[in-house]
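A.B. asks: Sending over a structure as structure tokens; questions will come in a sec.
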Amino acid sequence: MKILVVEDEKRIANNIKKGLEIKSMAVDVSYDGLDGFDLAESEEYDVIVLDLMLPGMNGLEICRKLRRSGKNTPILMLTARNEVEARVEGLESGADDYLGKPFNFEELLARIKALARRKENKMKMKLRVDNLVLDTSSFEVKRAGKTINLSKKEYGLLEFLMKNKGQIFSKEELTDKVWSFESEVLTNTAQVYIGYLRNKIDSAFPKESGLIKTVRGFGYKIE
């Protein structure tokens, strides 16, 4: 597990680093907001431990900028301010959890582990083929960061193909798998919807490689 700690009080930051490293975690530490933001944006972390009051850029601003840029790394915000208003402000800026100072290290560790598990569960809900991402929890589909709008049936067909990426299915098999509970389905329905998907996923992204493949005499696959 890789953790980023952004905390300007060096004693606290170094104690957190030491404690997490004893638990076999890799830890990067930053003592100011600007450097912390650069690390958070450019590197991949499982969890970010972020102090609220920082020189250069405060924790709230870091949080907001990361979320606006599309970074969804779980953030645990630390602060000596224990008022409800401060907690709400931190959570509304995009933080996932909140821990007031002074804190017990074991509680900090437990919260970090919980956030990491949450991130792992979210990742399991996402199907990926190259830079095409389908989120089964939000039903959102993106390619190269751009949202693709699909009909319910287009989504169902794409989800099936992505769950079985690399496998070849005939149009009859696709019709049976995706439209199995519908009585009035034409024999070429899957073929037609493959065309719809190609237009939205491949043709709409001319600079990207085609993902939906036709295997002559056998059927279709995505890879």
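A.B. asks: Net charge around Met25, counting only other residues with Cβ within less than 10 Å of its Cβ (Lys, Arg = +1; Asp, Glu = -1)?
C.D. replies: +2
A.B. asks: What residue among Tyr31, Ala204, Leu134 has its Cα farthest toward the positive end of the dipole of the chain, where the charges are +1 on Lys, Arg and -1 on Asp, Glu, each on the Cβ?
C.D. replies: Toward the positive end, the furthest listed residue is Ala204.
A.B. asks: Same structure again: Working only with C-alpha atoms, what are the Rg and Dmax values of region 127-222, expressed in angstrom?
C.D. replies: 12.8, 39
A.B. asks: Still on this structure, I have one more. Give the distance, in whole Å, between the Cα centre of region 1-79 and the Cα centre of region 135-206.
C.D. replies: Taking the Cα centre of region 135-206 as reference, the centre of region 1-79 is 39 Å away.
A.B. asks: Gaussian network model of the chain, Cα springs within a sub-10 Å range: biggest mean-square fluctuation belongs to which of Lys177, Lys126, Lys207?
C.D. replies: Looking only at Lys177, Lys126, Lys207, the largest GNM fluctuation is found for Lys207.
A.B. asks: Here's another thing I want to ask about it. Take the alpha carbon gyration tensor of region 1-111, find the square roots of its eigenvalues, order them as a ≥ b ≥ c, and report rounded if a/c is under 1.5; if not, report prolate when a/b exceeds b/c, else oblate.
C.D. replies: Rounded, because the longest to shortest axis ratio a/c is under 1.5.
A.B. asks: Sticking with this one: 222 nm [θ] for the chain, helices only, -39500 (n - 2.57) per DSSP H run of 4+, per residue, to 500? Present the calculation step by step, with values, prior to reporting the outcome.
C.D. replies: On the way: 8 runs with 92 residues, N = 223.
Result for the chain, helices only: -12500 deg cm²/dmol.
A.B. asks: When Lys and Arg each count +1 and Asp and Glu each count -1, what net charge do the other residues less than 15 Å away from Gly219, Cβ to Cβ, add up to?
C.D. replies: On the way: positive: Lys165, Lys171, Lys177, Arg198, Lys213, Arg216, Lys221; negative: Glu172, Glu173, Asp176, Glu223.
Every neighbour counted, the sum reads +3.
A.B. asks: What percentages, rounded to whole numbers, describe P(r) for the chain computed over all alpha carbon pairs with 5 Å bin width beginning at zero?
C.D. replies: Taking all Cα pairs of the chain, the binned fractions are 1, 6, 13, 15, 13, 10, 8, 8, 8, 7, 5, 3, 1, 0 percent.
A.B. asks: What is the sum of charges around Ile168, taking Lys and Arg as +1, Asp and Glu as -1, for the other residues whose C-beta is under 15 Å from the C-beta of Ile168?
C.D. replies: +3
All of the numbers you see were taken from the coordinates with simple rules; none came from a lab. Predicted model only: the values in this text are computed from it and were never measured. Glycine gets a Cβ as well: all are built from the backbone with ideal geometry, and neighbour counts include every protein chain shown.
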